[in-house]
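The values are calculated or read from the model by the stated rules, or taken from the named source; none is laboratory data. Remember, predicted model here, so these are calculated numbers, not experimental data. All Cβ positions, glycine included, derive from the backbone under ideal geometry; neighbour counts span all protein chains shown. Surface areas here come from the heavy atoms of the whole protein model, side chains and all, with no ligands, DNA or RNA. Shrake-Rupley method; radii C 1.70, N 1.55, O 1.52, S 1.80 Å.
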Amino acid sequence: MINQVNPFAALETLSRRRFLAGSGATLSAAAIALLARRPALAAGTPGSADDPQADTRILNTALGAELEAIAAYAVGAGSGLLQKPVLDLALQFQGHHKAHAEVLAQTVRKLGGTPVEARAHYPFPTETLKNQNDVLAFAAGLERGAVSAYLGAVPLFHERELAGAAASILGDEAMHWAVLRQALGQDPVPAAFMS
Amino acid sequence: MKSAALALLLAAVAALPSGSAAAPTGDPTHGEEIYARCVACHSLAYDRTGPRHCGLFGRRAGSVPGFGYSPAMARAAIVWNEKTLERFLASPATVVPGTTMGYAGIADPQERADLIAWLRLASRSAERCTP
């Protein structure tokens, strides 16, 4: 069972602020005070402060990549190439990606956006997957990329809560990467820093 | 004291890459390692969360048929080459405000040069680019 901790829980109030700000509704005094205390969240972030959709775009792109990862693990798990303990691992990691996707989609909705949906078909290089290690290496590459992708997303968020939530996912992807490398017989933690 | 500090400052400024200075020479072997940062979203031969990179050089931004670009990228008046990639990869959201590539960029000019050197070769490799 996945322990359901929602890293985006802090956004309950955020989405309300966004909704009020974006809808042109008359703001209550309380809402104005709330917004005023967060005057320059976007300062210094490329992509400009007056672009309320910027965070939603970043979340939706991350969601697209998570949905692909779920499908990739399904291909790995269904390949018949994984032996029992590794198969369990693949399914567990797939579960984590499902949890990420769920919370990302929820957050996009809360911010007034439309979450991207999974594609009917993903072009995976299945012809290169011939044994368990091929599958593990393929998954490791995706997880390593995911760490970098979240790392690249964190400084772009206008809302700091979102940056924190993305970092929480980043930590999980990094654990996946390390465990997959270990399973491949590689140094699980090859560097002190990720880039 | 003061002049030592000034000398230090001047040395630091001299070490900064100036806009017009020649870009560092790229090492494609290292560039391939850096491309590992892109593979959550991209691959050479296939469109994924991001568009394929095969055929990138000389291609207009936002022009892979069938890929769902942001309006910002579709409208961008950019043709991809060493120069434009060098700027874009330093900070995608600055160069194409509104892009869906939610990635801060690669800060190190040497790393960008390495990545671009590798992309230049890989994106036109017959072996890698026949799906």
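Tabulated values for the structure
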{"item": "Where A meets B: accessible area buried, both sides, 1.4 Å probe, Å²", "result": "1800"}
{"item": "Two-site label geometry, residue B:75 and residue A:182: point separation in nm, points 7 Å out along Cα→Cβ", "result": "4.9"}
{"item": "Accessible surface ranking that places the most exposed of B:30, A:121 first, with a 1.4 angstrom probe", "result": "A:121, B:30"}
{"item": "Distance (nanometres) between label positions extended 7 Å along Cα→Cβ at residue A:106 and residue B:126", "result": "5.3"}
{"item": "Net lengthening on full extension, residue A:50/residue A:74 (0.36 nm per residue, minus Cα-Cα)", "result": "4.7 nm"}
{"item": "Interatomic Cα distance distribution for the range A:72-131, bins of 10 angstrom, percent", "result": "19, 39, 28, 12, 1"}
{"item": "Distance between the range B:85-131 and the range B:21-54 - C-alpha centres, whole angstrom", "result": "6"}
